[in-house]
């Protein structure tokens, strides 16, 4: 029987989520430092992302909630918009510190500044260890060679970039996949109409940043569904 386009798209999305989770599971376990995990949560705040910005703001609370029992997580919000505007918040240890900063942002037309985000992440981890970078965006308007060089530096520093692409722009997809690969992270597309999946994936990355792969496996067993597939990739890991 011929499969419908919807069925094919669902299967494709399912495979991509599975592949993303497998990559998260395969990231080397961070060295224990006795301190809280540190994660940079970076987002494109140009005009095209305005419809989904508020949704992303509501999802970020889950990152803190899932890491409370692991010693907690410090998150820094980084976003760009308009003409050469790049903003980085102080490091926040609670959702109620980060949420007002996110909800006060107004998206503005401009070109992407992903290179500056990567450069910022490099500078931050050279000051104090950053366990992971999350990037959420839908477009890439910068030369791939320069982005690849910066992503490679992150990889050498042990800072994986977990990249969530809204929509399926092919130029952006090629570049964002390369950033994830060279940094040792993972790429995954998401649909703004399915916020539950993005919430679980963001939470999985946060749990990894706060507690490493063992914590991620425990999280998968508790949550089930998409994230449970991580445990299949973690067998034999310590």
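No lab work stands behind these numbers, since they all come straight from the coordinates. Since the structure is predicted, the reported quantities are computational estimates derived from the model, not experimental observations. Every residue, glycine among them, receives a Cβ derived from its backbone with ideal geometry; neighbour counts consider all protein chains shown.
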Over the alpha-carbon set of segment 74-141, divide Rg by the Kirkwood Rh and report the Rg/Rh ratio to two decimals.
0.95
Could you tell me the largest-minus-smallest coordinate of the C-alpha atoms of segment 20-144 on each of the three principal axes, in descending order and whole angstroms?
41, 32, 30
Residues in segment 154-168 near a label at residue 126, defined as backbone nitrogen under 19 Å from the 7 Å Cα→Cβ point?
154-161
Which FRET efficiency, nearest 0.05, do residue 15 and residue 177 yield, Cβ-Cβ r, R0 22 Å?
0.95
Ordering of 207-213, 169-175 by burial proxy (mean other Cβ atoms within 10 Å per residue, highest first):
207-213, 169-175
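Efficiency by 1/(1 + (r/R0)^6): what FRET value for residue 214 and residue 168, r their Cβ-Cβ distance, R0 = 41 Å, to the nearest 0.05?
Numbers: r = 34 Å, r/R0 = 0.83.
My answer for the efficiency is 0.75.
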Calculate the spin-label point distance for residue 145 paired with residue 157, positioning each point 7 Å from the Cα along the beta-carbon direction, and give it in nanometres.
2.3 nm
